[in-house]
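Just so it is clear, none of the values below were taken in a lab; they were calculated from the coordinates. All of these numbers come straight from a predicted model, not from anything done at the bench. For neighbour counting, all protein chains shown are included, and Cβ atoms are generated from backbone atoms with ideal geometry for every residue, glycine included.
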Amino acid sequence: MSWWRDAVIYQVYPRSFKDSNADGVGDLRGIESGLDHICELGADALWMSPIYPSPLADFGYDVADYEDVDPAYGTLEDFDRLLARAHSRGLRVLMDLVPCHTSIQHPWFTEHPDFYIWADGQGDRPPNNWVATFGGPAWTRDERTGRWYLHSFYPEQPDLDWRNPAVVAAMQGVLRFWLDRGVDGFRIDALDRLVKDADLRDDPPASAPFVLPLHEEHARLEHLYSTNSPDIQEAIAALREAAGDALLVGEVYLGAAGVAPYLQHLDVAFAFELFHSPWEPARLREAIAACASLEATDGGPGSAWVLSNHDFPRLPDRFGPENVRAAAVLMLTLPGPCFVYQGDEIGQRNGPESPNSHDRAGRDPYRHPLQWEPEPLRAGFTTGEPWLAPVDAESRSVAAQRTDPGSVMSLYRDLIALRPHLGGGLEMVDADAGIVAFARAEHLVVVNPTTRPRPLPPGAGEPVLESEPGVVSDGWLAGHSGTVLART
Ligand code: NOJ
């Protein structure tokens, strides 16, 4: 069985994980010093959001050099050291591959303009009606040539032209560069944006809401031509060719049905339909069933489960703080790889919106430093001035939760330790309308997202794990809780 089949993969957001040199920004040496924590949780691997040189228009997702490390994070030598230390502890390492676009400051933009997508405008107007992900036209006029370049995200992130074989070869080289250094796989950014309509046809107006949240302006159109072109498969096949057997996890921002074709060449894709499901039993059941029906080419689960990342409000802010434990039970008992965003293991909350925000799309609140120590100003993250302040380190921190058997962190540890014993498969179980229940071989997982107690389904035996002691009582499960039971 592949190593990732049931792996727990910990997402490190490098700027906010741990700072080793007092500049207030996390770095590779800091990640190295935090490996014990990731191992202690029981994770199998870590994925680092981009560490490449970047002018930070999109905080690393605007890459200026795919084959180096941003000086703020360290050097390639620091990277090699981190990789060796992680491997020696049995932790695999995934890079973040950003193949859809580069930074406008990447030398390719001036040296190889043909690597990008250019078109003539319609008079003063852009070539077509495509809208960028964070709003505004997806085209910017180049003052020098008068032509327009395409950018699916910020104007500082020009889209690469994957129909140009030189682009394909260059990106394959990037994969090989990191694989030769020893990485174990890649999370692939914005994969559904990789190839667009060759004729640049206008997107039609949206006739129904998209299954996942979109920026208001972006949501007015159906992204029929600006994303997800049918020949995207050829581009993904090229990534697979370069990756060999390394793990490829796709960030495919589509509902489960749209993701299925991507599994031809990927190992797994993020289960965004569950990530963005409202915290309501019927909707959660539907999303789990839809995502769990996706199969990888080897017949294993095709969904990589994830409930949180650096792009969306944190779990307590999205599902309510009272549901954080139940959400952990729900996700960490599903079959297939699970991704845990740094800080979720201590129930970390959103930070405040800051007046001098760094991210123009307003995502700073989800990116505050991991709270290591119960110290309000620096939280053990740095000895300098943190780039974003800790949120509430006195109330929650790794140090305080490590030794507390009743903490959220202990629950994560217990769930991760239990995962290998759950057995294969997943079968949704008919139960009270207010609960979510599924069977894993000899076990039954029951989650109650509602406020009041609900009866356990037939076949529920003794609890093996409870989200908090005593939530299972006399055949009932308390509100806002979850449990794993023996199946009778
Ligand atoms: C998805 C990344 O997670 C997000 O942070 C970024 O802004 C976009 N892709 C564009 O690269």
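Structure values in brief
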{"read-out": "MRE, 222 nm, helices only [DSSP H, n ≥ 4, -39500 (n - 2.57), over the chain, to nearest 500]", "value": "-6500 deg cm²/dmol"}
{"read-out": "With Cα atoms, 0 to 90° folded angle of helix 165-181 axis to the chain main axis", "value": "50"}
{"read-out": "Potential lengthening between residue 119 and residue 283 on full extension [0.36 nm per residue; Cα-Cα distance subtracted]", "value": "54.8 nm"}
{"read-out": "Rounded to 10°, Cα long-axis angle of helix 232-243 versus longest principal axis of the chain", "value": "80"}
{"read-out": "For the chain, average projected area of the Cα convex hull in nm²", "value": "22.2"}
{"read-out": "Helix 281-292 axis, angle to the chain major axis (alpha carbon atoms, nearest 10°)", "value": "60"}
{"read-out": "Estimated vicinal HN-Hα couplings, Hz - region 458-475 in sequence order (Karplus 6.51, -1.76, 1.60; Gly, Pro = x)", "value": "x, x, 7, x, 5, x, 9, 8, 10, 5, 8, x, x, 6, 9, 8, 6, x"}
{"read-out": "Charged-residue dipole, Cβ positions (Lys, Arg, Asp, Glu), region 230-356 about Cα centre, Debye nearest 20", "value": "440"}
{"read-out": "Contact order normalised by residue count of the chain, Cα under 8 Å, 6+ apart, percent", "value": "13"}
{"read-out": "Leading residue at positive end of dipole, the chain (Cβ point charges), from 102, 328, 115", "value": "328"}
{"read-out": "P(r) tail fraction, region 329-488 - alpha-carbon pairs more than 26 Å apart, %", "value": "40"}
{"read-out": "Full-stretch length increase - residue 85, residue 202 - with 0.36 nm per residue and alpha-carbon distance subtracted", "value": "37.1 nm"}
{"read-out": "Shape parameters for region 218-345, alpha-carbon atoms, Rg then Dmax in Å", "value": "15.3, 45"}
